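First comes the structure, then the notes that go with it.
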Amino acid sequence: MAVCARLCGVGPSRGCRRRQQRRGPAETAAADSEPDTDPEEERIEASAAVLAGVGGGLCAGPSPPPPRCSLLELPPELLVEIFASLPGTDLPSLAQVCTKFRRILHTDTIWRRRCREVLHRYRHILGLWQPDIGPYGGLLNVVVDGLFIIGWMYLPPHDPHVDDPMRFKPLFRIHLMERKAATVECMYGHKGPHHGHIQIVKKDEFSTKCNQTDHHRMSGGRQEEFRTWLREEWGRTLEDIFHEHMQELILMKFIYTSQYDNCLTYRRIYLPPSRPDDLIKPGLFKGTYGSHGLEIVMLSFHGRRARGTKITGDPNIPAGQQTVEIDLRHRIQLPDLENQRNFNELSRIVLEVRERVRQEQQEGGHEAGEGRGRQGPRESQPSPAQPRAEAPSKGPDGTPGEDGGEPGDAVAAAEQPAQCGQGQPFVLPVGVSSRNEDYPRTCRMCFYGTGLIAGHGFTSPERTPGVFILFDEDRFGFVWLELKSFSLYSRVQATFRNADAPSPQAFDEMLKNIQSLTS
């Protein structure tokens, strides 16, 4: 509360800042030890006049007030309500009237209300947002921190340490200033806070602008800026990166992203809704993507399918696109550990499942292409060779579909292998590359899935077959057969407020919107 008082000009302690400046140390100490019965009571008529001036008039008309109606006789609760309704810039003058007024003006209620009023216009920007940075995207979390509203950009850990915690840095902050409504500051760069601007376009969109972009420049020019960015983004120098293609991708990202100078448009994103029968808890995950490094993916469940949507992306598969899709109706039974090392054996199993999926789609009159997330009139049934651990079909509202079964049956059946033993041994086939060799060596279950691949610039995108491997509640993997590559995903453990979707329909609409921006 004392900070609030200083920000609005009342001063660091009892009394006004301007009044304290006129006093010497002895006078200030004497003022701080004033008794409750103040000798200034005879000035109450003057204080009433001050109140009438700053508050636009407390009297209803020119009629004379009741004789000897002292404001000091009003209950403190009533004075708090009166003072809280006055303009904030007039409260310092009111604090000079008498000691009692000064003490009441130190009430937390007054300043909490003042903060709410000042920051009221920015209340809609709290929550999670995705910046429009071409294919790269991002994750912004806007929170209230004391008297500040701060926009934190969340960054994946350095490649390939997917289990490390997220990194974050401030991009902007909004705070109270003395005798001002609110101030927006850009936090980008290395020269400290400087003047910025925020424009709220609509409820689910806002933009930021830096008014002093020279604060983003470094004395050593673009080369120093690039070296600094590389240490922050990748935790290494360019000389440490021996792969030429990776060097090109890193330099391309720096050139592309630095041109925005923190002048960005943000669109709201929601965390995926969770249901009791989901395979695991949905949410945000960090994943390895080869030379592109670590990226953030949102895992969500949609009846018989699970989807991984990119929150951050790259020039091949941009942010907003659906990177992987898992068909929860088609379990894959891995071979024994020795045969798992044989890539051809794994490929044979997966391609057989893909062919079965195609046949079942044709038989059911399913005209949509494989892996597009649409469901035809009839989904596939488990083959006799498969364990019946698949999820029951559901309607759009999450209720059981035509296959019947209770919502919890899917989890009970899916968990059965893990409950009967310690999980199944798992090892990557020989020839499959992985950025992180420290992947789990046991898994709970595997499903057939498809992964989206494309050329540079998101050219010729296509969905290719793969295997979704569930390790535990917080980690899963995906084997890209065509690329002979493995991606490991680890849950983002941060807690985000103001990020829940108001409804499942609102979440689905959000997914469509962010995907359409890069389609």
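Descriptive notes on the structure:
- Exceedance of the 25 Å cut-off in Cα-Cα distance is limited, within the set Lys169/Lys512; Lys253/Lys281; Lys191/Lys286; Lys169/Lys281; Lys169/Lys286, to Lys169/Lys512; Lys253/Lys281; Lys191/Lys286; Lys169/Lys281.
- You can think of it this way: the chain between Arg275 and Asp472 has 69.2 nm of extra reach, that is 0.36 nm per residue less the Cα-Cα gap.
- Against the rule of thumb 2.2 N^0.38 Å, how large the Cα Rg of the stretch 247-353 comes out: 1.38
- What the Cβ-Cβ distance of Arg356 and Gln493 gives, at R0 = 25 Å and to the nearest 0.05, is a FRET efficiency of 0.10.
- Net length gained if the chain between Glu248 and Arg231 were fully extended (0.36 nm per residue, minus Cα distance): 4.5 nm
- Backbone phi angles across the stretch 214-224, fed through the Karplus curve with coefficients 6.51, -1.76 and 1.60 (θ = phi - 60°), yield HN-Hα couplings of 5, 5, 8, 7, 10, 4, x, x, 5, 5, 5 Hz in residue order; Gly and Pro are listed as x.
- Stretchable slack from Leu238 to Glu363, in nm (0.36 nm times residue separation minus alpha-carbon distance): 39.6 nm
- With a Förster radius of 25 Å applied to the beta-carbon distance between Val430 and Glu482, the computed FRET efficiency rounds to 0.90.
- Of the GluC sites (Glu not before Pro) found in the stretch 427-498, those that fall in a DSSP loop while having at most 10 other beta-carbon atoms within 10 Å are Glu437.
Computed from the coordinates by the stated procedures, all read-outs in this text should not be read as laboratory data. None of these values were measured; they are calculated from a predicted model. Note that each Cβ is placed from the backbone with ideal geometry, even for glycine, and that neighbours are counted across all protein chains shown.
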